[in-house]
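We did not get these values from a lab; they are worked out from the coordinates using the rules stated. Predicted model only: the values in this text are computed from it and were never measured. Virtual Cβ from ideal backbone geometry, glycine too; neighbours counted across all protein chains shown.
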Amino acid sequence: MKKIIVGLVFLALSAGPGFCSAISVGNWYDDQWNGTVGTAVTDDTAYTGSLLTVVLDPGTPPWTFSGPAILVVTDLYVDGDQFEVFDNDVEVGTTSTPVNDGTTCGDDPVGCTGSDWSHGTFVFGAGSHSITMTVIAEGTGNTSGNGAFELTSVPEPASFGLMGLGCLGLVLGRRRFRRKGEI
């Protein structure tokens, strides 16, 4: 029984993802650029959006984390901007093609997820990640703008294993308790 408990404690300590630097799970971060297509996206200031979403300053890119995660990127304010996303200097994809008709959504990333605004979802496996972004399309008349990104966690296989072991422990414990009660 002691070996099972020690094993469960070990799994519990090793199951969670480790996010280690400027960006962390569950937060929206603001980014900006000033310039033409091809300009690197940089950090911006923290604020609370019009729908009360807290948006943090991610610090200077590259933005790093370790472990599996899902990165969601969206354009803010006026539609028309599109991004190319890189991990460790290797392109992982681009956000969707925006409508570019001058529609505005404000400064809150939750409100800027409609089909007019460019957005993308990128899944990263376990390991060390260094994220950068470049502007590949700008809305009409734009030479600067803002976007936002959020990192969410991906359940690791070890988490499912730990949950299964916990359920098995409950079943075995209940059986043992019933046997003692019957004697």
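Remark on Thr103: its backbone amide H falls under 5 Å from those of Asp79, a criterion applied only to residues 5 or more positions apart or on other chains, H modelled at 1.01 Å from N. Taking a Cβ cut-off of under 12 Å around Ser50, the surrounding Lys, Arg, Asp and Glu residues balance to a net charge of -2, with basic ones at +1 and acidic ones at -1.
Computed extension length for Thr140-Val90: 15.2 nm, one decimal, from 0.36 nm per residue of separation with the Cα-Cα distance subtracted.
With the simple model of a label 7 Å out from the Cα in the direction of the Cβ, Thr103 to Val123 spans 2.8 nm.
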